[in-house]
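The structure under discussion appears below in the form of structure tokens.
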Amino acid sequence: MTVKTAIKNSPSGKQPVRQVLLQARQAFIFAIGLTFVIDLLSITPLLYMMSALDRVLSSRSGVTLVSLTVVVIAFYVFWSALEWIRSRLMVRLSLRIDWDLAADVFDASFRRYVGRKNVNVQQLLGDLQSLRQFLTGPPAIALLDAPFAFVFIGIGAVFHPLLALFALGATLLMLIVTYLTTKVTTPILEEANNANTEASRVAGNSLRHAEATLALGMLGAVRKRWYDQHRTYLTNQVNASEATGLMGGVSGFMQKSLPSLQMALGIFLAMEGLITAGMVIVATMLISKSVAPIQRLVGHWKDIVTARQAYERLNELLEDDFENTQKMQLPAPKGKLDVVKALGVPPGHNKPVLADISFALEPGEVLAVVGPSAAGKSSLAKMLMGLWKPAAGSIRLDGVELSDWSHDEVGPLVGYVPQEIDFFEGTVADNIARLGEVDPAKVVLAAQLIDMHETILTFPKGYDTRLGETGFALSGGQRQRLAIARAVYGMPKYVVMDEPNSNLDEIGEGALVKTVQALKASGSTVVLTTHRPRLVGVVDKMLVLKAGRQVAFGDAREMLEAVRKLQVVPTEAGPTEATISSAQQQALTELKEAQA
């Protein structure tokens, strides 16, 4: 069962990781039962020692000794077999959890990264690995063993009640030490882990700008930012280790002294004739057996805290992503776009960058969004792709709110060209086909639309040339044209391009114009942000932005004609001034400046 099913079966999508764990509760119960039997079998050496001392030595019977030894060896074989079964069971449990959670954690991490840039995707993916490793390692076994410390206390009561009371007191003291260790070290470890995560994120982001960092002499400043976080991590790590060491010293003292005190008590009881000499040795070992699970718990407490934090982060991640799993399947988009009083606020911020944006497009229409720098063109492009959800108002595609579309379903049916262009590790064909199943005819058609087919054939291996960080180096214009080919792969009915000609020369820009015309002819709705007059000439509608506000929207030809009329200002009021209001004149002036 996947996490999506588990979330749907839980109230309001709460505690999704817990729901997945509950699906495997029978296996966990079986593991607890195995642990109980294993802990019972662990007293085999004690019983063997007691029987050998009390019976074999007194009777001097070799047959008894051999018989006891054979029985004990058989118990050891059974004991080892159960430990092997428990180990295999925990490994299988961890794999099942990974299988159920991995894909959804991966998707949710990417969606969160798009929504909030200050997110360490590697940490979120690493949390799943931490949880899996926790289940297969000693910390999980220590947690399973801890409750059975009281089993050994009960065994001590069989010998004499005072032995059980002493063991109970020792175990309670160890529990108090464990609780104090938790209260002191957990917040420090959490802060240390957060600082280490931030340091890793800073280092990762710095590597993305390695060339500029070295060229501009910024390595020292970048290193300082990283080391500030790294130093915070080290400081908290040291503080947590010192606190754990102090508590560990207390528990170590107790672990060393308690067996001796238990032996003294056992000898006293033997002197009084209440227990046998063999029971004295066994009683001494029982105190160690009852305290050992708690001692292991303290020793693995750092790993337990780390796993707990990973568990909570995964729950938070999947709960936040719950809405994305509830979106119903919708038909393929046709391209009718309606924007009504949309307010744009970047994720993680509270200051709007776009306000009161309203316009409508029919299938087959092309819109050019123009305006000066920082007018909000790229922000609008992200909102029109559903990457940003409007803080107010609505953006509807075919009558459906864009935020209600599932990107997994509609993403392959739309096109998008971002300003920042990157390609994945893979071939040219893989990247044009969006890493899906490559349809050679569609790949070639997309490349031909943007006049890249001949250029691609000159690459070292043509369409099989590898791209990515370690792949073939592309020029800025080639990267942009390949991104356009990726956007038009399959001739989608809705395409948004953010400054698609910023790195194109005249030939490339001409190819882009033909691409837009081909999309329009096929009935696709196209939105592009630009300031180039050549692209403006092939659009149907035009939207002018300034400082995040819409100052004009209308037919492109009429607006361009009005701009030409504004080139000469009449000395007397004439038809031009009579038909164009002051607000329209200001908007058209902005358009004129944008074209310039």
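Data overview
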| item | result |
| --- | --- |
| Fewest-first sequence of Ile188, Ile357, Ile29 by Cβ atoms within 10 Å of each Cβ | Ile29, Ile188, Ile357 |
| Label-point separation, Val91 to Glu420 (7 Å along Cα→Cβ), nm | 4.2 nm |
| For region 444-449, 3J(HN,Hα) per residue [Karplus equation, 6.51 cos²θ - 1.76 cosθ + 1.60, θ = phi - 60°, Hz, x = Gly/Pro] | 5, 4, 4, 5, 5, 4 |
| Greater than 22 Å apart at Cα, pairs in Lys183/Lys256; Lys382/Lys546; Lys256/Lys289; Lys351/Lys546 | Lys183/Lys256 |
| FRET efficiency, Asp98 to Phe268 (Cβ-Cβ, R0 51 Å, nearest 0.05) | 0.40 |
| Segment Phe36-Arg223, length gained on full extension (0.36 nm per residue, minus Cα span) | 62.1 nm |
| Distant-in-sequence amide H partners of Lys546 (H built 1.01 Å from N, under 5 Å) | Val551 |
| Cut-off 20 Å (backbone N to label point 7 Å along Cα→Cβ of Phe75), residues of region 29-54 | 33-54 |
| Mean Cβ count within 10 Å, highest first, over the residues of peptides 360-370, 431-441, 489-499 | 489-499, 360-370, 431-441 |
| Prolate/oblate/rounded call for region 329-458, Cα gyration tensor, a/c under 1.5 rounded | prolate |
| Leu413/Lys514 FRET efficiency (R0 22 Å; Cβ-Cβ; nearest 0.05) | 0.45 |
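Read-outs: derived from the displayed coordinates by stated rules, not from any lab. In this text the structure is predicted, and so the values were computed from the model without any measurement. Neighbour counts run over all protein chains shown; Cβ positions are idealised from the backbone, glycine included.
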